């Protein structure tokens, strides 16, 4: 590090308007202006190429600048930033722009409508009820499946927290559901749930008598989806919690034994502080994933019995009904919710870190 | 005088204040729980070796052996390997000849797309991680947080523009598009994880090499990289798990030539309900599970690190 | 009564024998140090007493009760760990209060007791801080405070001062000793630092390779080491241990030959019973008086290296055939490099160890 800074040359940065290959500030400025013009004036496919070219220009300016001034850090990081920019950040910005236009991907017309898309998806008599119910369903799924995953994952982690014979082999058994394809496990859950030939109904039938139909009511369908989702993803929570549990130094437990600390107090005073952050991380990851819940619903109910989730709904609107900009507005509403949740989690997760 | 061992101690919850390693008692308890948790998977695997006609039998057939009389005969079936063969080639129309199902291609696609995207993320991400670790930029943490955030974004938010973008550029249905996209989604944890490995290396050796006149490139390849091979392996496996089963993007962005197994699997059974070819689906899934299962098993020790984005160290 | 006793204690980890047939008893109010090089089994012994390890064979008896089968929480002990083992998420005050929760006392009483030990150990000002925010010395005091806040049957210390710097170590040694002397509990301290053991212990148990080599007061282990190992381990600079041939005994003196020198040494009369043959002669560096003439009573060597140690001077002298002899002389005794030294050992500090390494002393 020190070595690097001593040999770093002291070239000064070019002035804002100087025409030079390493003038990244000028490149950014030009890029933004040209992109904005292109988005407003050209059709989507045309503006795409312009914006893409501008991004390349900015990236090139950054690279030249970094190389000339020996910012090796910048050079090393640049490819990653570029990929993220093209695949995540740029689409994100584009869909933000799109959400202010009336645009359908199967038609060529495009027209600025301001906040109308947002107003429409939230309040329109025809469109809004579906959106709202999907959103509420998603929230309900998120609460149910995430809490189930947290509890099951936590309990599994407690089981595996210690070293015991064959632990490695048993752990992989529990991890396997996470490795299954959602399609296969989902379809097999329809089999387990099937009223005629499913295992669940066979067992219940032979114990209690009478046909048992899980997926027939909304509650049953939700329970069925939640059960399958929680079964698949509890191992993920388990891994996170386990990572925290194994990081607790052994001598703290020894000290607790000497100090005659009760199991309850030992958990809350010693163990929990080590896993609190990871529990929060698990909660955050799984909640965000829960907002993506679509594939399992597609396989299990196809949205029937009022189990439509916002993700599935969005795919339908944007991809099947070609209401692209409405979809964009919905996805920004989802993003807004996720950002709010993320910040809420971060705030709860480390209030102490902020003070320190 | 024998030392009394309580039940709780025996299953390892109380052994000397909850400290010592748990013994076989714990193994037994965990084995029962793990087995129950594993049952649905076991059922899929058993279905894969079931004769096709027994798939929907009532009562359901459960096991290829009676486990020494433990399972009543009515639940036992005779195992077969025919289903695995019919994954790749089977009679598609009534009375016709067996024809290729294209699944060899789909498996090939899955392998190419998953490994290429994970490798791409690994190359780009490792460079970036090295950069973040050795040449901290102004606002380093902000960059890192932004990178982490891209993993946290619901993918659904970017799906529309990505579809449009791919259609516009003609990347839709190509290998390159989906590989790039997966690579972007794998980048976040690759950077975080590899950075944690690089942070742990002592920089003394690197500085010594620099003083001896080695170029920066040589320092990276000859000195740093060999020390983080375990990290690279762990990152690869974790990326593989995340990418291998991805369904939604693959459904929307792959074409007939680049279709991955999860998508093809969905189409093979899309009739759903009673029309589903259960034994075939189980056979596909069982085959599809093997690579990622083996990879996970052999690199299990690094998994904890991957799952926490490298924030917990051993 | 607060006593600790271990009888024929053996602890194996797999095939490795960490402690073998150890016997030790600690009386009420007594402080015993387990002293030895790293890996000698002293910490394992302590952990077995605490119940953190289970004895493979033998008994641990605390306050007259065999506790082999009891977990640590039922042994009624207090322990200070090498790494202090303060609970990182709890403030110093709450750390100290932890052992009190099991006792049926009100929160006011808990607070009062915490304040009391905090005063003794000067922790009053940092009770609200987290362990991560205090210095090593404060952590150490907090760990001691947590141990003495309760009224256990005995105290165990595992290398309590090893992480402190020299100066802090010195003052903490005094503080711990002062605290312990006010309590009438059996105390076991594990240490690898002999100065710590010599200053803090009533008795010292010296361990090597899982065996207790000698148990005795600091004076005893220094003045009458039971064998070559104890002799070499206790005392700085290290005792001179010279391989010699024992030729016979007469007039209260042993005739020995080493490095082609015939020397008559005044030694313990029990040496008379020894057969002739190989012995080890141990002489403390401070036990030499330097005389001007070479006689049959002197060991002759040449000063080779001189290390001033402040009040004293350490001289590395070499005999004709090359054995190194360490001699400590007062500062005012000037010795030049290359000077021939004629050394007469003090009989009381001259030890003869038989071929098997045991001291010959009646």
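The values are calculated or read from the model by the stated rules, or taken from the named source; none is laboratory data. Everything numeric in this text was worked out from a predicted model, so none of it was measured. Note that we place each Cβ from the backbone using ideal geometry, even for glycine, and neighbour counts take in every protein chain shown.
Considering segment C:199-222 alone, what residues qualify as being assigned to a helix (DSSP H, G or I), surrounded by fewer than 21 Cβ atoms within 10 Å (Cβ to Cβ) and modelled with pLDDT of 90 or more?
The initial filter retains those residues of segment C:199-222 that are assigned to a helix (DSSP H, G or I), namely C:199-200, C:218-222.
With the extra rule that they be surrounded by fewer than 21 Cβ atoms within 10 Å (Cβ to Cβ), the set shrinks to C:199, C:218-220, C:222.
Across segment C:199-222, the qualifying residues are C:218, C:219, C:220, C:222.
Note on segment B:44-72: residues that are in a helix (DSSP H, G or I) and over 20 Å from the mean Cα position of the chain (by Cα) amount to 6.
Applying the set (1) farther than 19 Å from residue A:255 by Cβ; (2) in contact with a helix residue (DSSP H, G or I) (Cβ under 9 Å, 6 or more places away or on another chain); (3) touching a residue at least 12 places away in the same chain (Cβ under 8 Å) to residue C:145 leaves exactly one unmet item: (1).
Does residue A:131 qualify as being modelled with pLDDT under 85 and either closer than 23 Å to residue A:279 by Cβ or outside any strand (DSSP E or B) (or both)? Answer is no for this residue. For the condition without any contact (Cβ under 8 Å) to a residue 12 or more places away in the chain and either within 31 Å of the chain's Cα centre (by Cα) or at the interface with chain B (Cβ under 9 Å from one of its Cβ atoms) (or both), residue A:192 qualifies.
Report yes if residue C:183 is at negative phi and surrounded by fewer than 23 Cβ atoms within 10 Å (Cβ to Cβ), otherwise no. Answer is yes for this residue.
So which strands (runs of 3 or more DSSP E) are wholly in segment C:1-111 and hold at least 2 residues that are more than 9 Å from every other protein chain (Cβ to nearest Cβ)?
Numbers: elements: C:4-13, C:16-26, C:31-35, C:57-62, C:77-80.
Per the criteria, C:4-13, C:16-26, C:31-35, C:57-62.
Of the residues making up segment C:225-240, those that are outside any helix (DSSP H, G or I) and surrounded by 16 or more Cβ atoms within 10 Å (Cβ to Cβ) are C:225, C:226, C:227, C:234, C:235, C:237, C:239, C:240.
Residue C:266 satisfies every condition listed in (1) surrounded by 14 or more Cβ atoms within 10 Å (Cβ to Cβ); (2) within 19 Å of the chain's Cα centre (by Cα) except (2).
Only one of B:207, B:141, B:199 is at the interface with another protein chain (Cβ under 7 Å from one of its Cβ atoms), more than 25 Å from the chain's Cα centre (by Cα) and either touching a residue at least 24 places away in the same chain (Cβ under 8 Å) or surrounded by fewer than 17 Cβ atoms within 10 Å (Cβ to Cβ) (or both); which?
On the way: B:141 fails: at the interface with another protein chain (Cβ under 7 Å from one of its Cβ atoms); B:199 fails: at the interface with another protein chain (Cβ under 7 Å from one of its Cβ atoms).
The conditions single out B:207.
All told, residue C:139 meets the bar of being under 17 Å from residue C:85 (Cβ atoms) and in a helix (DSSP H, G or I).
Looking at segment B:164-186, which of its residues are closer than 18 Å to residue B:117 by Cα, in a helix (DSSP H, G or I) and more than 7 Å from chain A (Cβ to nearest Cβ)? Don't jump to the end; show me each part of the working.
If we filter segment B:164-186 for residues that are closer than 18 Å to residue B:117 by Cα, which is where we start, we get B:166, B:171-186.
If we keep only those that are in a helix (DSSP H, G or I) too, we end up with B:166, B:175-186.
Hits for segment B:164-186 are B:166, B:175, B:176, B:177, B:178, B:179, B:182, B:185, B:186.
If you go through segment A:301-338 and keep only what is outside any helix (DSSP H, G or I) and more than 20 Å from residue A:182 (Cβ to Cβ), you end up with A:306, A:321, A:322, A:323.
Per the listing B:292, B:229, B:307, the residue uniquely modelled with pLDDT under 75 and under 20 Å from the mean Cα position of the chain (by Cα) is B:307. So which residues in segment C:161-191 are closer than 20 Å to residue C:233 by Cβ and either in contact with a strand residue (DSSP E or B) (Cβ under 7 Å, 6 or more places away or on another chain) or in a strand (DSSP E or B) (or both)? The answer is C:188, C:189, C:190, C:191.
Restricting to helices (runs of 4 or more DSSP H) lying wholly in segment B:202-254: which have 2 or more residues that are within 15 Å of residue B:134 (Cβ to Cβ)? If you could, list the steps in order and put the result at the bottom.
Details: elements: B:204-211, B:229-244, B:248-253.
Helices (runs of 4 or more DSSP H) meeting the threshold: B:204-211.
Restricting the search to helices (runs of 4 or more DSSP H) fully inside segment A:217-281 and requiring at least 2 residues that are more than 10 Å from chain B (Cβ to nearest Cβ) gives A:218-246, A:263-266. Every listed requirement among (1) more than 21 Å from residue A:148 (Cα to Cα); (2) part of a loop (DSSP other than H, G, I, E, B) is met by residue A:293 save one, (1). Collect the residues in segment C:275-296 that are within 30 Å of the chain's Cα centre (by Cα) and in a loop (DSSP other than H, G, I, E, B), keeping them in residue-number order. C:284 - this is the single residue of segment C:275-296 that is within 30 Å of the chain's Cα centre (by Cα) and in a loop (DSSP other than H, G, I, E, B).
Among (1) under 23 Å from residue C:328 (Cβ atoms); (2) in contact with a helix residue (DSSP H, G or I) (Cβ under 7 Å, 6 or more places away or on another chain), where does residue C:207 come up short? For residue C:207, the failing item is (1).
One residue stands out in segment A:138-189 among those that are free of Cβ contacts under 8 Å to residues at least 60 places away in the same chain and assigned to a loop (DSSP other than H, G, I, E, B): the one that is surrounded by the most Cβ atoms within 10 Å (Cβ to Cβ), namely A:181.
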